[in-house]
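Novice: I'd like to ask you about the structure that follows.
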Amino acid sequence: MTVLDQEMIANVLRPIEVANGLPNAFYTDPDVYQAEKRVLFASTWACAGFAKDVPNKGDANPISFLGQPLLVVRGEGGEVKVFQNVCRHRGMILVEEKTTLRSAIRCPYHSWCYNLDGSLRTTPHVGGPGQNLHDCIKREELGLIEVRSHIFMDTIFVNLDGKAPAFEIHAAKLLEQWTEFADKPLYHGGPESSFTLEVDCNWKLAVENYCESYHLPWIHPGLNSYSRLEDHYHIMQPGNYSGQGTVVYNPKLDDSGRAFADFEGLSDKWDTGAEYISFYPNVLLGVHRDHVFAIMLDPQDNGKTIERIEIYYTSPEMCGDDMVDLREKNAAMWKSVFEEDIFVVEGMQRGRSASLYDGGKFSPVMDPPTHQFHEWVATRFAGK
């Protein structure tokens, strides 16, 4: 970063009343985006996928996350692990497409095979024709390279550099805030509860937009008609997450009065409340008494982001055929809300090409969750 950029970063770290937002380079410069992979993603717990994509033993799902080839595998005992999707022999990609493995992960190049737990199983002809062993090929040392992972609310978090505190420590404040949801089983709503949006903006703009309610009256008039701006409050945990909550959650998806079942054991707060949190760096979470959702932000480059939305319910019964129409209506409602945001984040992305833009001004009253996210980014780039 240049000296000028460091001065602008310092401006972000000032009190919100006098702070500026992140400089344009954080949204438009490919070099900054490459640096973010290390500074903002690899060194902490980032969302890389969903456990629902490997529901059964032997299911394997190859993913590319920030350019890293990863393989998500559900093992013999039902555990989910994440490995680098490369053979330890010559670095060949192991699995090209989502599949169910019978018992082993086989490299298509020289047929080295790995068990579902990543351990190296066989090395055909490694010592010459018909010789499957060699003294220098120590199988116990050549298992697949495992990436630290943790599943929370069906979301797979990975720590790429392996140095972050344990997830339970990293997410302690969120687990405390949502203790009533943390141990609840979740049931994915099926195909109608899964959709993807491709957005021409930097991933950070999606985070910023999600964590504040200031834009509701103008961007989400339908939502604002019953959950007004004044019905919302800020949620802030420095260095970890920020977002918003509402005291008015009263969905009416069906005129007949049909509704999804609520999670058991919730306090009165959730009778009419809901909360929406940007959990840094790249997952957006929403909790309600009768369903939750997670949005993974998958950056493609400095100006393009894929948003993957998954919706979960309280019981298998809510995911049955007799509730499919309500699930479709719920997904359509949320998709409409999220699509209303697209022109905003794309407009802000185009605006970051204005050479004299100084990062913008924050409202001390309405923008604290957004400023906190900018502060998190700037703090990590400042090495603090």
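The values are calculated or read from the model by the stated rules, or taken from the named source; none is laboratory data. On a predicted model such as this, the values are computed, not experimentally measured, just so you know. Because the Cβ atoms are built from the backbone with ideal geometry, glycine has one as well, and the counts that use them run over all protein chains shown. All accessible areas refer to the heavy atoms of the entire protein, side chains included, with ligands and DNA or RNA removed. Shrake-Rupley method; radii C 1.70, N 1.55, O 1.52, S 1.80 Å.
Novice: Do we find a residue being of a type in the set (V, I, T), out of contact with any Gly (no Cβ under 6 Å at 6 or more places or on another chain) and either exposed (fewer than 15 other Cβ atoms within 10 Å of the Cβ) or assigned to a strand (DSSP E or B) (or both) anywhere in the range 225-245? Step through it out loud before you land on a result.
Specialist: Of the residues in the range 225-245, the ones of a type in the set (V, I, T) are 235.
Okay, now just the ones that are also out of contact with any Gly (no Cβ under 6 Å at 6 or more places or on another chain), so none.
No, the range 225-245 contains no residue that is of a type in the set (V, I, T), out of contact with any Gly (no Cβ under 6 Å at 6 or more places or on another chain) and either exposed (fewer than 15 other Cβ atoms within 10 Å of the Cβ) or assigned to a strand (DSSP E or B) (or both).
Novice: If a residue must be hydroxyl-bearing (S, T, Y) and within 30 Å of V126 (Cα to Cα), how many such residues does the range 37-95 contain? Can you show your working first?
Specialist: Pass one, the range 37-95, residues hydroxyl-bearing (S, T, Y): 43-44, 64.
Then drop every residue that is not within 30 Å of V126 (Cα to Cα), which leaves 64.
Of the residues in that region, 1 qualify.
Novice: With respect to R258, determine if the residue is within 25 Å of H150 (Cβ to Cβ) and of a type in the set (D, E, K, R).
Specialist: Numbers: within 25 Å of H150 (Cβ to Cβ): no; of a type in the set (D, E, K, R): yes.
The answer is no for R258.
Novice: Please work out which residue is least open to solvent (accessible area, probe 1.4 Å), limiting yourself to the range 301-321 and to residues that are of a type in the set (D, E, K, R) and touching a residue at least 12 places away in the same chain (Cβ under 8 Å).
Specialist: Initially, the range 301-321 is screened for residues of a type in the set (D, E, K, R), giving 301, 304, 307-308, 310, 317, 321.
The next check asks that each one be touching a residue at least 12 places away in the same chain (Cβ under 8 Å); those that pass are 301, 304, 307-308, 310, 317.
On the way: D301: 63, K304: 61, E307: 22, R308: 59, E310: 0, E317: 118 Å².
Among those that are of a type in the set (D, E, K, R) and touching a residue at least 12 places away in the same chain (Cβ under 8 Å), it is E310.
Novice: So if I check each of D298, D367, which one is closer than 23 Å to E17 by Cα and either open to solvent by 50 Å² or more (accessible area, probe 1.4 Å) or not hydrophobic (A, V, I, L, M, F, W, C) (or both)? I'd like the intermediate steps shown before the answer.
Specialist: On the way: D298 fails: closer than 23 Å to E17 by Cα.
Being closer than 23 Å to E17 by Cα and either open to solvent by 50 Å² or more (accessible area, probe 1.4 Å) or not hydrophobic (A, V, I, L, M, F, W, C) (or both) holds for just one of D298, D367, which is D367.
Novice: Could you list all residues from the range 88-138 that are of a type in the set (D, E, K, R) and closer than 25 Å to D53 by Cβ?
Specialist: We begin by selecting, within the range 88-138, every residue of a type in the set (D, E, K, R); these are 88, 90, 96-98, 102, 106, 117, 121, 135, 138.
Within the range 88-138, R88, E96, E97, K98, R102, R106, D117, R121 meet the criteria.
Novice: Can you tell me how many residues within the range 289-308 are over 17 Å from E328 (Cα atoms) and either in a loop (DSSP other than H, G, I, E, B) or modelled with pLDDT under 95 (or both)?
Specialist: Looking only at that region, the number is 3.
Novice: If you don't mind, there's one more thing I want to ask. Specify the residue that is most open to solvent (accessible area, probe 1.4 Å); the eligible residues are those in the range 248-276 that are among the aliphatic types (A, V, I, L, M) and under 16 Å from Q177 (Cβ atoms). Working first, answer last.
Specialist: Applying the first criterion (among the aliphatic types (A, V, I, L, M)) to the range 248-276 yields 248, 253, 259, 261, 266, 274.
Now narrow it down to the ones that are under 16 Å from Q177 (Cβ atoms): 266, 274.
Details: L266: 38, A274: 1 Å².
Among residues in the range 248-276 that are among the aliphatic types (A, V, I, L, M) and under 16 Å from Q177 (Cβ atoms), the one most open to solvent (accessible area, probe 1.4 Å) is L266.
Novice: Related question: Looking at E79 and the list (1) touching a residue at least 12 places away in the same chain (Cβ under 8 Å); (2) closer than 29 Å to G189 by Cα, which single condition is not satisfied?
Specialist: Looking at each condition in turn, E79 falls short on (1).
Novice: Could you please let me know if R14 is over 30 Å from H371 (Cβ atoms) and of a type in the set (K, R)?
Specialist: Numbers: over 30 Å from H371 (Cβ atoms): no; of a type in the set (K, R): yes.
For R14, the condition - over 30 Å from H371 (Cβ atoms) and of a type in the set (K, R) - is not met.
Novice: Okay, moving on. Among A35, A51, A104, which is more than 17 Å from the chain's Cα centre (by Cα), over 30 Å from D5 (Cβ atoms) and in contact (Cβ under 8 Å) with a residue 12 or more places away in the chain?
Specialist: On the way: A35 fails: over 30 Å from D5 (Cβ atoms); A51 fails: more than 17 Å from the chain's Cα centre (by Cα).
After applying the criteria, what remains is A104.
Novice: Tell me, please, whether a residue that is within 21 Å of P69 (Cβ to Cβ), of a type in the set (K, R) and free of Cβ contacts under 8 Å to residues at least 60 places away in the same chain can be found in the range 127-142.
Specialist: no
Novice: Further question: Among the numbered conditions (1) among the basic types (K, R); (2) surrounded by 16 or more Cβ atoms within 10 Å (Cβ to Cβ); (3) more than 24 Å from S256 (Cβ to Cβ), tell me where R327 comes up short.
Specialist: (3)
Novice: Show the residue pairs meeting these rules: Cβ distance below 6 Å; 6+ apart or different chains; first residue within the range 58-73 and over 12 Å from V147 (Cβ atoms) and of a type outside the set (G, A, S); second residue open to solvent by less than 30 Å² (accessible area, probe 1.4 Å) and in a loop (DSSP other than H, G, I, E, B).
Specialist: N61/V54; P62/N85; P62/V95
Novice: Suppose we filter S355, S336 for residues that are loosely packed, with under 15 Cβ neighbours inside 10 Å and farther than 29 Å from D29 by Cβ; which single one remains?
Specialist: Residue meeting the stated conditions: S336.
Novice: Here's another thing I want to ask about it. If I filter the range 212-220 for residues that are part of a helix (DSSP H, G or I) and closer than 22 Å to D53 by Cβ, do I get at least one hit?
Specialist: We begin by selecting, within the range 212-220, every residue part of a helix (DSSP H, G or I); these are 216-219.
Filter once more, keeping what is closer than 22 Å to D53 by Cβ: none.
No, there is no match, as no residue in the range 212-220 is part of a helix (DSSP H, G or I) and closer than 22 Å to D53 by Cβ.
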